[in-house]
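Chemist: The structure follows.
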Amino acid sequence: MKTCRSWNGPLALALASLALTGCVSIGGAGEPPESLLTLTSSASAPVGSGTMAGTEGSKGTIAVLTPEVPAKLDVIRVPVTVSPTEIAYLQDAVWIEKPARLFRRLLGETLRTASGDAQTVLVLDTDDTPLRPNQSLRGTLIDMGYEPSTSSVVVRYEAVHTLDDGRVMSRRFEAREEGIAPVAASVAPALNSAANTVAKEVAAWVLGAE
């Protein structure tokens with residue numbers, strides 16, 4: 001797989017005016033990365049927990065769909081916003097799979113745990129399910145990358161919640177972690193923290209809808 005050139009801090013900024021014509025090879029004949037990045041929920045449902053749709057107090061089922069993404073996120077690299085018109089990728093930062101699917105599972109797990117022990121929504125966050133949900137959560141993962149101008153990581157998500165009565169609501173969420181060094185070892189946990197913040201805010205919004 002080919003991706004745009006890697007970004008490596010100050011040297012990349014000095015070259016920011018150059019066209020992004022160079023590419024690096026990920027996988028294949030190239031050397032494998034030392035480690036792969038992933039997203040991990042800061043809260044998880046305990047073993048034995050669960051809910052049943054159709055019972056008294058239940059809000060039914062909700063399908064968490066894989067978000068749409070711009071081209072810069074439809075890869076397994078971490079984008080760096082070099083300028084308003086240029087995108088590069090952070091050196092040595094490689095996701096275990098595409099960010100959209102990682103973020104979908106994070107949203108699903110966060111929704112499962114957001115209502116505490118009294119889980120009221122059956123969450124479906126996989127493609128293979130025999131149930132027809134009465135609610136859905138979809139949207140666009142607009143950004144999940146690094147901004148060198150502010151030494152920050154940013155996660156930005158435009159959520160669309162369809163309720164069981166046919167109403168559709170949307171809201172944009174964003175979280176930032178500042179003072180982050182432009183290296184994979186620092187960016188990875190910061191992105192995970194920001195993604196968890198967004199997921200918790202989305203879950204509170206979804207579960208609070210009436």
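The values are calculated or read from the model by the stated rules, or taken from the named source; none is laboratory data. Being a predicted model, the structure only gives us computed values, none of them experimental. So basically every Cβ, Gly included, is an ideal-geometry build from the backbone, and we count neighbours across all protein chains shown. When the accessible area is computed, the model is the full protein with side chains, heavy atoms only, and any ligands, DNA or RNA have been set aside. Shrake-Rupley method; radii C 1.70, N 1.55, O 1.52, S 1.80 Å.
Chemist: Tabulate in residue order the Karplus-calculated ³J(HN,Hα) for the stretch 60-65, using 6.51 cos²θ - 1.76 cosθ + 1.60 with θ = phi - 60°, rounded to whole Hz; enter x for Gly and Pro.
Modeler: x, 10, 10, 8, 9, 8
Chemist: Which percent of the Cα-Cα distances in the stretch 66-152 go past 20 Å?
Modeler: Distances greater than 20 Å cover 47 percent of the Cα pairs.
Chemist: Search the structure for amide H atoms under 5 Å from the amide H of LEU37, placed 1.01 Å from N in the peptide plane, and list their residues when 5 or more places away or on another chain.
Modeler: VAL94, TRP95, ILE96
Chemist: Applying the Karplus parametrisation 6.51 cos²θ - 1.76 cosθ + 1.60 with θ = phi - 60° to the phi angles of the stretch 170-176, what ³J(HN,Hα) value in whole Hz is obtained for each residue in order, glycine and proline being reported as x?
Modeler: Here the 3J(HN,Hα) series is 9, 7, 9, 10, 8, 9, 10 Hz.
Chemist: I'd like the accessible area for GLU178: 1.4 Å probe, protein heavy atoms, all chains in place, Å² to the nearest 10.
Modeler: Its heavy atoms expose roughly 140 Å² to the probe.
Chemist: Please list the equivalent ellipsoid semi-axes of the stretch 75-210, computed as the square roots of five times the alpha-carbon gyration tensor eigenvalues, in descending order and whole angstrom.
Modeler: Output for the stretch 75-210: semi-axes of 30, 15, 14 Å.
Chemist: Take the Cβ-Cβ distance between VAL183 and THR150 as r, set R0 to 25 Å, and report the resulting FRET efficiency rounded to the nearest 0.05.
Modeler: On the way: r = 16 Å, r/R0 = 0.64.
Efficiency computed from Cβ-Cβ geometry: 0.95.
Chemist: Net charge near SER152: determine it from the other residues with C-beta under 15 Å of the C-beta of SER152, scoring Lys and Arg +1 and Asp and Glu -1. Walk me through the numbers on the way to the answer.
Modeler: Details: positive: ARG156, ARG176; negative: ASP143, GLU147, GLU174, GLU177, GLU178.
Overall, the nearby charge balance is -3.
Chemist: Report the gain in length on full extension from ASP164 to SER83: 0.36 nm times residue separation, minus Cα-Cα distance, nm rounded to one decimal.
Modeler: Contour length minus Cα-Cα distance gives 25.0 nm.
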